[in-house]
Amino acid sequence: VTIVDLAVLAIDAWVVLALAAWAVAGGTDFGLAGWALLTRATGDADLRESIARAGSPLWIVPHAWLLLAVLLLIGRAPSGVADAGGILLLPIAGLAVGLAARVFVHVSDGRGPLVSPRAAGAQVPGGASAFAAPAAAAPFCAGTALGALATGSVHGNVPLAAGALALALAAFMAVLRLLHRAGDPPSRELRRTAWVTGGVVIAAGALLMVLVPSGGPPLTSILLPAGFVMVAAGAAVGVCCWALLVRRYGAASYAGQALTALLVTAAVAAQSPWLLQGAVPLRDGAAPDGTILFLAIAAPVGAAAVLRSAAALRREATTDQLPPTSSRRIGFLPLQRH
Amino acid sequence: MDVPSVVSLLSVTALTAHLVLCALSLALPILSLAAEWRWVRTERVQYRTLARRWARATAVTFSLTAASGALLLLQLAVFWPGGVQLAGGVLAPVLLLAFFTGTMATIALARHNHGWDRVKPREHLPGGVPVVLWAVATGGLLLVAHAWLQRPVGFTAADGVLLDALPLAVARSPLAAAHVAHVILACCTAVGFLVASIYAAGALRGRRDAYHHAGMAVALAVGMTAALLQPLAGLPALRNMAAYQPMKFAATQAHFETSAAAPLVFGGVPDLAARRLRGGIPVPRALSFLVAGDRSAVVMGLDETATSAWPNVLAIRTAFQLLLLFGTMLPIIGMAYWLRQWRGRDPGPLLLAAIMAGGVFAVGDFLAGATVSIAGQYPWFVRHVLRLADAATQDPAAPAVLAVLAVVHVALLGCLLPLLTRSAASAPEGAGTSVVFR
């Protein structure tokens with residue numbers, strides 16, 4: 001085992017982490033876009049307001065993880081990405097349009113990125129919902145892409161079923177976050193929606209499990225390498241159901257997120273050693289050693305710096321006040337209370 | 001037109017929209033910081049209003065630029081398999097750094113905006129410095145990658161596959177330093193004059209208040225400073241182009257035959273069939289002097305390569321002439337404004353109209369520069385290593401999908417411009433509005 005092998009392992013771990021984090025954060029963000037679209041039709045102003053408030057104030061935060069994963073993959077296996085990218089034309093294009101649409105939502109919502117939530121009761125512009133449609137469909141594209149990588153082709157039932165599961169998971173995480181953020185006992189309708197969406201997730205997951213043996217790799221090749229992860233995912237489903245039953249919505253939300261992260265981790269683990277199942281091994285066309293070592297060092301250092309700053313921003317934005325000491329820093333320099 | 005050609009053309013559209021967003025992301029934080037500095041110095045409320053509005057515009061611009069960058073990255077992975085295969089392993093480290101610095105810039109801006117009205121002005125002002133530094137670092141890193149594509153070094157490849165590369169090989173490109181300085185200054189010039197033109201337009205409509213005056217003054221100060229510094233970076237960039245991209249340089253000058261004591265010709269129309277430049281005003285030996293500091297130096301002409309290998313001479317020559325024309329007009333307009341200010345007189349309608357036209361010149365100048373750069377790179381993805389035709393996908397579905405994405409890129413840019421003009425035109429902020437992040 002050389003240091004480069006260890007660096008490759010570290011980068012792979014970062015890619016899995018970044019994909020799982022994006023599936024959770026980005027999936028919830030897209031899911032909220034989907035619920036915004038549906039509530040626009042029902043005319044529920046309160047729910048619309050809750051959805052607008054539940055989103056991230058920074059567009060880049062939920063989706064930065066995807067960029068990190070793609071950048072690391074390009075650096076780690078450029079030839080593999082070049083070979084695999086060809087079959088992902090349509091799902092990636094759909095995902096890209098969804099990402100752009102989510103930014104349009106932020107801008108047209110009147111809030112813009114980095115701005116405070118709108119005043120209570122302010123009307124959500126119609127444009128926000130119009131842009132929400134492609135954003136809501138983005139998880140389907142992402143799931144289809146993952147399914148295509150698992151089966152070696154974008155055609156067939158498995159990619160479609162994976163897309164459906166991703167869409168259901170995004171909607172489920174979003175509705176659980178809405179329940180969590182509701183504060184007062186949430187409406188019965190919202191609770192029922194959570195149960196129904198959870199049922200759809202389980203149905204989509206079951207459908208995928210049925211379809212995989214016919215259109216994709218043998219089921220055992222998924223279950224065996226990712227066995228522990230799948231067991232953990234099963235546990236997350238159980239915790240989620242229990243938390244919903246006893247109305248512990250915070251726990252339900254975290255369990256839903258854990259379920260998504262674990263499913264993505266399982267899918268990636270099952271994918272190994274292929275980037276594109278049966279066609280493009282991950283080891284083929286690896287980047288030069290210098291690049292690998294650089295990425296393995298730069299990724300954790302950069303991520304630590306970003307996460308530290310993001311945590312400070314979150315603390316400042318949520319508490320909405322400065323601490324009594326002058327230890328608070330904005331940028332490089334200490335701030336003092338005005 | 002074959003698939004790779006269409007993919008190249010559509011990618012250029014997307015890239016151009018992204019470049020404009022990048023220029024705004026790079027220069028707006030500087031404008032905001034300059035306005036805030038003026039506020040701290042003078043305590044005049046119009047500067048505070050400007051600083052906050054520009055900071056808000058920067059926030060939106062950052063988001064749109066990040067989205068546009070994300071789209072370009074996904075496009076690179078899907079539509080440019082040959083490019084990823086060869087250049088992915090070299091460019092990924094610098095793109096990763098740019099990703100982190102860009103994210104840091106966004107977070108620094110959010111924290112800076114959060115500090116408005118929460119801390120003393122003198123304590124708040126330095127918080128804008130990291131925003132500028134991170135934004136400039138991001139732009140600089142991306143420009144270093146761009147310079148490497150024009151003059152690739154530090155790697156070995158065979159059959160379009162990368163075999164070995166030095167860590168951060170992109171930073172070793174001899175074009176990098178001058179290219180970064182030149183383009184960053186160009187961004188500041190273009191955005192400074194563009195923003196000034198928005199306020200000049202408001203003043204021309206009768207809103208001759210302190211707010212509009214301050215908007216013009218700060219934006220022109222930034223734009224003028226960058227324009228005056230530009231020759232310091234422009235000359236090395238030009239010499240680099242002559243040394244490392246001689247055909248592109250020859251195309252900018254429509255210099256068809258290799259010759260010593262070459263003249264610099266302003267204007268004129270290149271006649272490709274006759275291989276000569278018709279008309280124009282020649283300055284004897286000036287081109288040789290510019291390129292090598294020697295009035296008798298030999299300047300390589302287009303005749304050094306086959307006609308089929310020429311870049312688009314007409315487009316590059318025209319764009320370069322426009323670049324010079326607009327690049328000269330902008331400082332003249334700025335000087336006229338500052339001369340008037342120095343005499344203690346407000347700008348008259350004619351000068352306001354000129355400043356407004358300066359916005360068009362600034363955009364034209366920036367786009368002309370982008371045209372020289374992009375057309376000069378043709379037909380290479382990585383110069384002399386990988387052709388665009390070999391780098392792009394051959395998938396027949398690609399043009400239609402990419403057309404949609406190109407429209408999205410343009411739409412991202414399109415939704416920003418009304419926001420900027422609306423922000424400038426609206427009345428200065430009143431009491432009672434939320435100050436959180438605003």
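The values are calculated or read from the model by the stated rules, or taken from the named source; none is laboratory data. Everything numeric in this text was worked out from a predicted model, so none of it was measured. Please note: Cβ atoms are built from the backbone with ideal geometry, for glycine as well, and neighbour counts cover all protein chains shown. Just so you know, the surface numbers come from the protein's heavy atoms only, side chains and all, with ligands and any DNA or RNA stripped out. Shrake-Rupley method; radii C 1.70, N 1.55, O 1.52, S 1.80 Å.
Here are some notes:
- A:ALA267 vs. criteria of a type in the set (Gly, Ala, Ser) and open to solvent by 30 Å² or more (accessible area, probe 1.4 Å): yes
- Here B:ARG41 passes the criteria (1) at pLDDT 90 or above; (2) surrounded by 24 or more Cβ atoms within 10 Å (Cβ to Cβ) except the one numbered (2).
- Helices (runs of 4 or more DSSP H) fully within the range A:1-97 counting 1 or more residues that are within 30 Å of B:VAL90 (Cα to Cα), modelled with pLDDT under 90 and within 12 Å of chain B (Cβ to nearest Cβ): A:60-76, A:78-85
- The single residue among B:PRO246, B:PRO236 that is touching a strand residue (DSSP E or B) at 6+ places or on another chain (Cβ under 9 Å) and touching a residue at least 40 places away in the same chain (Cβ under 8 Å) turns out to be B:PRO246.
- Taking (1) in contact with a Lys or Arg (Cβ under 6 Å, 6 or more places away or on another chain); (2) among the aliphatic types (A, V, I, L, M); (3) open to solvent by 20 Å² or more (accessible area, probe 1.4 Å) in turn, B:ALA254 satisfies each apart from (3).
- In the range B:171-182, the residues that are open to solvent by 20 Å² or more (accessible area, probe 1.4 Å) form Cβ pairs under 8 Å with partners that are of a type in the set (Val, Ile, Thr), at six or more places apart or across chains, as follows: B:ALA171/B:VAL94; B:ALA171/B:VAL144; B:ARG172/B:VAL153; B:PRO174/B:VAL153; B:HIS179/B:VAL144; B:VAL180/B:VAL144.
- B:ASP117 meets each of the listed conditions (1) within 12 Å of chain A (Cβ to nearest Cβ); (2) in a helix (DSSP H, G or I); (3) open to solvent by 10 Å² or more (accessible area, probe 1.4 Å) apart from (2).
- Members of the range A:183-214 found to be more than 20 Å from the chain's Cα centre (by Cα), hydroxyl-bearing (Ser, Thr, Tyr) and crowded, with 19+ Cβ neighbours inside 10 Å, listed by number: A:THR193
- Residue ID - farthest from A:ALA286 (Cα to Cα), chosen from residues in the range B:76-89 that are buried (at least 24 other Cβ atoms within 10 Å of the Cβ) and more than 7 Å from chain A (Cβ to nearest Cβ): B:PHE79
- Here the condition is being aliphatic (A, V, I, L, M) and surrounded by 23 or more Cβ atoms within 10 Å (Cβ to Cβ); of B:LEU109, B:LEU133, B:LEU125, it holds for B:LEU109 alone.
- Taking (1) buried (at least 22 other Cβ atoms within 10 Å of the Cβ); (2) under 22 Å from the mean Cα position of the chain (by Cα) in turn, B:LEU73 satisfies each apart from (1).
- Looking across the range B:265-294, the residues that are surrounded by 15 or more Cβ atoms within 10 Å (Cβ to Cβ), farther than 17 Å from B:LEU314 by Cα and not polar (S, T, N, Q) come down to B:PRO282, B:ARG285, B:ALA286, B:LEU287, B:PHE289, B:LEU290, B:VAL291, B:ALA292.
- Checking B:ALA98, B:ALA108 one by one, the residue that is more than 8 Å from chain A (Cβ to nearest Cβ), aliphatic (A, V, I, L, M) and outside any strand (DSSP E or B) is B:ALA98 and no other.
- The set of residues in the range B:151-168 being touching a helix residue (DSSP H, G or I) at 6+ places or on another chain (Cβ under 7 Å), outside any loop (DSSP other than H, G, I, E, B) and surrounded by fewer than 23 Cβ atoms within 10 Å (Cβ to Cβ) consists of B:ALA157, B:VAL161.
- Test for B:LEU290: is it within 30 Å of B:MET224 (Cβ to Cβ) and touching a residue at least 24 places away in the same chain (Cβ under 8 Å): yes
Residues checked against (1) at pLDDT below 90; (2) not in a helix (DSSP H, G or I):
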position	(1), (2)
A:THR291	no, no
A:ALA298	no, no
A:ALA303	no, no
A:ALA310	yes, no
A:ARG314	yes, no
A:PRO323	yes, yes
A:SER327	yes, yes
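Residues are listed down the side, and each one gets a yes or a no for (1) under 26 Å from A:ILE11 (Cα atoms); (2) touching a residue at least 60 places away in the same chain (Cβ under 8 Å); (3) of a type in the set (Asp, Glu); (4) more than 14 Å from chain B (Cβ to nearest Cβ):
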{"position": "A:VAL239", "(1), (2), (3), (4)": "no, no, no, yes"}
{"position": "A:GLY250", "(1), (2), (3), (4)": "no, yes, no, yes"}
{"position": "A:LEU259", "(1), (2), (3), (4)": "yes, yes, no, yes"}
{"position": "A:ALA267", "(1), (2), (3), (4)": "yes, yes, no, yes"}
{"position": "A:VAL280", "(1), (2), (3), (4)": "yes, yes, no, no"}
{"position": "A:ASP289", "(1), (2), (3), (4)": "yes, yes, yes, no"}
{"position": "A:ILE292", "(1), (2), (3), (4)": "yes, yes, no, no"}
{"position": "A:ALA310", "(1), (2), (3), (4)": "yes, yes, no, no"}
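- Here A:ALA150 clears all of (1) at pLDDT 90 or above; (2) more than 14 Å from every other protein chain (Cβ to nearest Cβ) except the condition numbered (1).
- All conditions but one from (1) more than 25 Å from B:GLY280 (Cα to Cα); (2) under 18 Å from the mean Cα position of the chain (by Cα); (3) open to solvent by 40 Å² or more (accessible area, probe 1.4 Å) apply to B:GLY359; the one that does not is (3).
- For the range B:388-414, filtering for residues that are assigned to a loop (DSSP other than H, G, I, E, B) and either surrounded by fewer than 19 Cβ atoms within 10 Å (Cβ to Cβ) or facing chain A (nearest Cβ under 10 Å) (or both) leaves 5.
- Residue-level analysis places B:LEU417 outside the set of residues that are open to solvent by less than 40 Å² (accessible area, probe 1.4 Å) and modelled with pLDDT under 95.
- Count of the range A:137-164 residues which are open to solvent by 20 Å² or more (accessible area, probe 1.4 Å) and aliphatic (A, V, I, L, M): 8
- With respect to the stated conditions, B:PRO347 is surrounded by 15 or more Cβ atoms within 10 Å (Cβ to Cβ) and either charged (D, E, K, R) or not in a helix (DSSP H, G or I) (or both).
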